[in-house]
Amino acid sequence: MWNREKSLILSKMFIWIFLALLIGFVLYANVIVDNFVQYSRVELNAVKPFFVWTIYVGSIPAVVLLLSMQKLLKCIEVGDVFTVLSVKYLRIISWTCFVGAIIALIGTTYYLPWLFVAIAAAFMGLVVRILKNTFAQAVVLKEEADFTI
Amino acid sequence: MAIIVNLDVMMAKRKISSGELAETIGLSQANLSILKTGKAKAVRFSTLEAICKALNCQPGDILEFRDDGEVEA
């Protein structure tokens with residue numbers, strides 16, 4: 001039977017899978033970029049190091065994002081959903097998305113399709129930011145309800 | 001805060017302990033402590049009624065408004 005615990009375990013598993021993928025992506029960045037450049041229709045040999053560095057720099061906010069997601073899930077697991085701490089993690093997640101968007105935007109200077117990544121990351125950041133605002137309001141309401149005697 | 005809770009004063013006048021009052025009005029000691037220390041954000045009419053009944057007093061004996069000159073932004 002599907003329940004809340006199993007759903008949380010599934011979410012955690014996805015985070016670990018993405019973390020493993022990210023580590024693999026960073027470790028084999030050179031190989032991945034080589035293959036990408038090889039099969040690309042456009043001549044990209046000159047900008048290969050930029051691709052590798054974009055992956056390296058972009059992996060920093062990605063790790064922070066995944067770890068914040070993990071911590072947020074831990075908060076949900078123990079029942080501390082509408083707390084200042086969960087709002088903090090949502091804020092971090094939102095900002096890491098925006099940082100990722102900026103990195104991708106810088107990447108457009110040598111490879112224009114990075115623009116799609118930048119737009120997707122910025123939109124994701126915006127969605128999480130609105131979620132963070134909702135959670136912050138919920139924290140105020142919960143505090144008021146908790147202190148109503 | 002502009003609203004002052006004088007519950008401890010009234011309890012002292014009626015010579016009733018926190019535990020005794022909490023039991024009479026059906027409130028936990030922790031919640032009564034929140035109310036006494038002025039940390040509460042709101043008081044239910046039902047709670048106020050129970051306190052007034054238990055202490056044989058008026059809401060005005062427990063709650064007091066003091067203008068502290070704070071202007072809300």
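The values are calculated or read from the model by the stated rules, or taken from the named source; none is laboratory data. Since we're looking at a predicted model, the values are computed, not measured. Glycine also receives a Cβ, built like all others from the backbone with ideal geometry; neighbour counts cover every protein chain displayed. Keep in mind that these areas ignore ligands, DNA and RNA; they rest on the heavy atoms of the full protein, side chains included. Shrake-Rupley method; radii C 1.70, N 1.55, O 1.52, S 1.80 Å.
Consider a paramagnetic label point 7 Å from the Cα of A:R4 along Cα→Cβ; state which residues of segment A:114-146 have an amide N under 14 Å from it.
So the set is empty, nothing qualifies.
Residue by residue through segment A:79-86, what is 3J(HN,Hα) from phi via Karplus (6.51 cos²θ - 1.76 cosθ + 1.60, θ = phi - 60°)? Round to whole Hz and write x for glycine and proline.
So the J values, rounded to whole Hz, are x, 8, 7, 8, 10, 4, 5, 5.
Could you check the simple spin-label distance between A:N35 and A:V52, using points 7 Å along Cα→Cβ, in nm with one decimal?
1.7 nm
Just the accessible area per residue of segment A:4-147, please: how many Å² with a 1.4 Å probe? Let's see the in-between values first.
Working: 9240 Å² over 144 residues.
I get 64 Å² per residue for segment A:4-147.
Determine ³J(HN,Hα), in whole Hz, for all residues of segment B:24-29 in sequence, where each value follows from phi through the Karplus function 6.51 cos²θ - 1.76 cosθ + 1.60 and θ = phi - 60°; x replaces Gly and Pro.
With coefficients 6.51, -1.76 and 1.60, one gets 5, 8, x, 10, 6, 4 Hz.
Note every residue of segment A:116-149 with a reduction of at least 40 square angstrom in accessible area, all protein chains present versus the isolated chain, computed with a 1.4 Å probe, or write none.
Residues losing area: A:F147, A:T148, A:I149.
What dipole magnitude, in Debye to the nearest 20, does chain A give about its Cα centre under +1 on Lys/Arg Cβ and -1 on Asp/Glu Cβ? Numbers along the way, then the final one.
Working: 12 positive and 8 negative charges, 14 e Å.
Computed charge dipole of chain A: roughly 60 debye.
So who's got an amide H within less than 5 Å of the one on B:L63, skipping anything under 5 residues away but keeping other chains? H placed 1.01 Å off N, in plane.
Correct list: B:N6.
Are there GluC sites (Glu not before Pro) in segment A:1-106 that DSSP marks as loop and that have at most 11 other Cβ atoms within 10 Å, and which are they?
Numbers: sites: A:E5, A:E43, A:E77; in loops: A:E43.
Here the GluC sites (Glu not before Pro) that fit, given the DSSP loop and packing criteria, are A:E43.
Could you check the simple spin-label distance between A:V127 and A:N45, using points 7 Å along Cα→Cβ, in nm with one decimal?
4.0 nm
For chain A, calculate the relative contact order in percent as a whole number, restricting contacts to Cα pairs under 8 Å that are 6 or more residues apart. The partial results should precede the final answer.
Values: 124 pairs, mean separation 31.7, N = 149.
About 21 percent, as a whole number.
Can you tell me which aspartates and glutamates have their Cα less than 17 Å from the Cα of A:K6? Leave out same-chain residues fewer than eight positions away.
Those aspartates and glutamates meeting the cut-off are A:E77.
Considering amide H positions built from the backbone, and no H for Pro or chain starts, which residues 5 or more places from B:K41, or on another chain, come under 5 Å of its amide H?
A:F147, A:T148, A:I149
Among A:A118, A:I55, A:A101, pick out the residue whose Cα is farthest towards the positive end of the charge dipole of the protein assembly as shown, where Lys and Arg carry +1 and Asp and Glu carry -1 on C-beta, about the Cα centre.
The listed residue farthest towards the positive side: A:I55.
Can you tell me the alpha carbon radius of gyration of chain A divided by the globular rule-of-thumb value 2.2 N^0.38 Å?
Numbers: Rg = 18.9 Å, N = 149, 2.2 N^0.38 = 14.7 Å.
Against the compact-globule rule of thumb, the ratio is 1.29.
Where nothing but the Cβ of Lys and Arg (+1) and of Asp and Glu (-1) is charged, how large is the charge dipole of segment B:3-65 around its Cα centre, in debye to the nearest 20?
80 debye
Using a probe radius of 1.4 Å on protein heavy atoms only, what is the accessible area buried between chains B and A, both sides summed, to the nearest 100 Å²?
700 Å²
I'd like the carbon and sulfur percentage of the solvent accessible area for the protein assembly as shown, probe radius 1.4 Å, heavy atoms only, ligands and nucleic acids excluded.
Details: 9770 of 14720 Å².
It is 66 percent, rounded to a whole number.
For the cross-link pairs A:K74/B:K41; A:K12/A:K88; B:K13/B:K39; A:K88/B:K39, which exceed 27 Å when the distance is taken from alpha carbon to alpha carbon?
On the way: A:K74/B:K41 29 Å; A:K12/A:K88 19 Å; B:K13/B:K39 22 Å; A:K88/B:K39 24 Å.
From A:K74/B:K41; A:K12/A:K88; B:K13/B:K39; A:K88/B:K39, over 27 Å: A:K74/B:K41.
Tell me what chain A gives for mean residue ellipticity at 222 nm when only DSSP H runs of n ≥ 4 count, each as -39,500 (n - 2.57), the sum divided by the residue total, rounded to 500 deg cm²/dmol. List each step's numbers first, then the result.
On the way: 5 runs with 122 residues, N = 149.
Computed ellipticity for chain A at 222 nm equals -29000 deg cm²/dmol.
Separation between the B:S17 and A:V63 pseudo-spin-labels, each 7 Å from Cα along Cα→Cβ, expressed in nm?
A separation of 5.8 nm, rounded to one decimal place.
Taking θ = phi - 60°, what integer Hz values does the Karplus form 6.51 cos²θ - 1.76 cosθ + 1.60 yield along segment A:129-134, in sequence order, with x for Gly and Pro?
Result, ordered by residue: 5, 5, 4, 5, 4, 5 Hz.
Quick one: order B:M11, A:M1 from most to least accessible surface, probe 1.4 Å. Write out the running numbers ahead of the final one.
Values: B:M11 10, A:M1 195 Å².
Order by accessible area, largest first: A:M1, B:M11.
Could you give me the percent of Cα pairs per 10 Å distance bin for chain B, shortest bin first, beginning at zero and ending with the bin that holds the maximum distance?
For chain B, the binned pair fractions read 19, 56, 19, 6, 0 percent.
Determine the per residue accessible area of segment B:3-65 with all protein chains present and a 1.4 angstrom probe, expressed in square angstrom. Spell out each step's value before the answer.
Details: 3860 Å² over 63 residues.
Value returned for segment B:3-65: 61 Å² of accessible area per residue.
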